[in-house]
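S.K.: Pasting a structure below so you can have a look.
The values are calculated or read from the model by the stated rules, or taken from the named source; none is laboratory data. This is a predicted model, so every value here is computed, not measured. A quick note on method: Cβ atoms are made from the backbone with ideal geometry, for glycine too, and the neighbour counts reach across all protein chains shown. Areas reflect the complete protein model, heavy atoms only, side chains present, ligands, DNA and RNA absent. Shrake-Rupley method; radii C 1.70, N 1.55, O 1.52, S 1.80 Å.
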Amino acid sequence: MEKTYDLHVDTFDPLISPSQLKDMVPISELSHRTIIDGRRAIADILDGKDPRLLVITGPCSIHDEAAALDYAQRLQALSETVADTMLLVMRVYFEKPRTNVGWKGLINDPWLNGSYDINTGLQKARRLLVKITEMGLPTATEMLDPIVPQYIAGLVCWAAIGARTTESQTHREMASGLSMPVGFKNCTDGGLATAINAMIAAGSPQSFLGIDPNGQTSIVKTTGNPHAHIVLRGGSRPNYDTVSTNEASALLDGKGLSRTIMVDCSHDNSRKKYSLQGTVWQDVINQRLDGNDSIIGMMLESNLKAGSQKNTGDLQTMQYGVSITDACIDWETTEKLVISAHEQLAGMHNQEEMNARRDKVG
């Protein structure tokens, strides 16, 4: 009888189970405390209990573990300096959606050469997350493949659903079961309705096909994620300005959703020109200073060095600390933006305290 299935499948290679990987790369006590505290702090910001600004910053994608740890050490030190006004979370992205073809990220292709050693990629990703969280630095990543969360989600404090997948029922269902706050980006055309619908779906109980910790295909039933929120990343035009953020707040309010907004300073908000991220950043800081408390966070694409480079498949021939996906601002620029914003926000808080004391005396 002629075969009717798997006609275009070359091979099936066994994948390590989530429980096996967790035994191989266990979570440490330091890492566990960072994740618990990081998730709680992010949830408090989203719930309005913590007035600090949530800042997700880091490389567009991780391709060099040494450079990622170098960046993490710098960010952790900076986070202590600005802790009164900001919660800094490192962007540790291992999966990259491709419009057609290209490098799909460290998990999919850890050797950068098209060998697709996913078992090794999962190990590398998990080890890196453990090391970063052991520094006391919370982590953020995009959840792309619905199988991957069972392997690494326990080490992540904040997750994104990208512009290309916000409309996906599979990703909305997955987000409903994730253990950390999840930000849904608006679609690439700039429309907000899809992201808002995604938030509603992710906040509701869902049942779908997935895997359990042993890798067994299962019916997954969730309770819904209470901390889904919107991320403005621009579209046919930028949408970080006052008119756009007020419009987003009104739409969220009209749906009975929390008026919490994160702004992505990169992508279409900076017209895909990395050097314009600082302009977006300061505009949003100005909105915070003007009293817009709907804006709870921002995202930056930042690396050790500015720009981007071609993936040659060999770290020895590539520039250290330079992105191989989207172009990023460099560390020095990142540090200046964060410290400047910290000083401005601290000044605002000091003024508010002085006004409150004056009113109390009066």
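S.K.: Could you list all residues from segment 84-103 that are at pLDDT 95 or above, in a loop (DSSP other than H, G, I, E, B) and closer than 17 Å to Cys60 by Cβ?
M.R.: Taking segment 84-103 first, the residues at pLDDT 95 or above are 84-95.
Remaining after also requiring in a loop (DSSP other than H, G, I, E, B): 84-85, 92-95.
Once the filter is applied, which keeps residues that are at pLDDT 95 or above, in a loop (DSSP other than H, G, I, E, B) and closer than 17 Å to Cys60 by Cβ, segment 84-103 yields Val92, Tyr93, Phe94, Glu95.
S.K.: Can you name the residue in segment 36-63 that is in a helix (DSSP H, G or I) and among the aliphatic types (A, V, I, L, M) and is also surrounded by the fewest Cβ atoms within 10 Å (Cβ to Cβ) among such residues? Don't jump to the end; show me each part of the working.
M.R.: The first filter runs over segment 36-63 and keeps only residues in a helix (DSSP H, G or I), leaving 36-46.
Next, only the ones that are among the aliphatic types (A, V, I, L, M) stay: 36, 41-43, 45-46.
Working: Ile36: 11, Ala41: 18, Ile42: 26, Ala43: 17, Ile45: 22, Leu46: 22.
Taking the candidates together, the pick is Ile36.
S.K.: Let me ask something else. Return the total of residues in segment 68-90 being farther than 23 Å from Ala346 by Cα and open to solvent by 10 Å² or more (accessible area, probe 1.4 Å). It would help to see each step written out before you state the result.
M.R.: Of the residues in segment 68-90, the ones farther than 23 Å from Ala346 by Cα are 68-73.
Keeping just the survivors that are open to solvent by 10 Å² or more (accessible area, probe 1.4 Å) gives 69-70, 73.
Total meeting the criteria: 3.
S.K.: For segment 288-335, which positions are under 29 Å from Ile230 (Cβ atoms), of a type in the set (Val, Ile, Thr) and part of a helix (DSSP H, G or I)?
M.R.: Listed by number, the residues that qualify are Thr333, Thr334.
S.K.: Next question. Among (1) among the charged types (D, E, K, R); (2) assigned to a helix (DSSP H, G or I); (3) surrounded by 14 or more Cβ atoms within 10 Å (Cβ to Cβ), which single condition is Arg259 missing?
M.R.: Every condition holds for Arg259 apart from (2).
S.K.: Can you pull out the residues in segment 54-67 that are under 19 Å from Leu345 (Cα atoms) and either touching a Lys or Arg at 6+ places or on another chain (Cβ under 8 Å) or of a type in the set (Gly, Ala, Ser) (or both)? Steps first, answer last, please.
M.R.: Just the residues of segment 54-67 that are under 19 Å from Leu345 (Cα atoms), to begin with: 54-57.
Once the filter is applied, which keeps residues that are under 19 Å from Leu345 (Cα atoms) and either touching a Lys or Arg at 6+ places or on another chain (Cβ under 8 Å) or of a type in the set (Gly, Ala, Ser) (or both), segment 54-67 yields Ile56, Thr57.
S.K.: Next up: Among the residues of segment 5-51, write down those that are at positive phi and charged (D, E, K, R). Working first, answer last.
M.R.: Residues of segment 5-51 at positive phi: 6, 48.
Answer for segment 5-51, where residues must be at positive phi and charged (D, E, K, R): just Asp6.
S.K.: Another question about this same structure. Being farther than 17 Å from Asn108 by Cα and buried (at least 24 other Cβ atoms within 10 Å of the Cβ) is the filter here, so list the residues in segment 140-155 that pass it.
M.R.: Going through segment 140-155, the residues farther than 17 Å from Asn108 by Cα turn out to be 140, 154-155.
Passing the criteria: Ala140, Leu155.
S.K.: Here is a follow-up. Say we look at segment 20-35 and pick out the residues that are among the hydroxyl-bearing types (Ser, Thr, Tyr) and surrounded by 15 or more Cβ atoms within 10 Å (Cβ to Cβ); which of these is farthest from Arg259 (Cα to Cα)?
M.R.: Going through segment 20-35, the residues among the hydroxyl-bearing types (Ser, Thr, Tyr) turn out to be 28, 31, 34.
Subset that is surrounded by 15 or more Cβ atoms within 10 Å (Cβ to Cβ): 31, 34.
Details: Ser31: 31, Thr34: 27 Å.
Per the criteria, the residue is Ser31.
S.K.: Here is a follow-up. Given Thr325, Thr279, which one is among the hydroxyl-bearing types (Ser, Thr, Tyr) and free of Cβ contacts under 8 Å to residues at least 40 places away in the same chain? Spell out how you get there, then give the answer.
M.R.: On the way: Thr325 fails: free of Cβ contacts under 8 Å to residues at least 40 places away in the same chain.
Unique residue meeting the criteria: Thr279.
S.K.: Need the failing condition index for Asn113 against (1) open to solvent by 40 Å² or more (accessible area, probe 1.4 Å); (2) more than 15 Å from Ile324 (Cβ to Cβ); (3) polar (S, T, N, Q), just the number.
M.R.: The failed condition is (2).
S.K.: Determine which member of the set Leu106, Leu129, Leu137 is more than 27 Å from Ile296 (Cα to Cα), open to solvent by less than 20 Å² (accessible area, probe 1.4 Å) and at pLDDT 95 or above. Please lay out each step first, then the result.
M.R.: Working: Leu129 fails: more than 27 Å from Ile296 (Cα to Cα); Leu137 fails: more than 27 Å from Ile296 (Cα to Cα).
Criteria check complete, one pass: Leu106.
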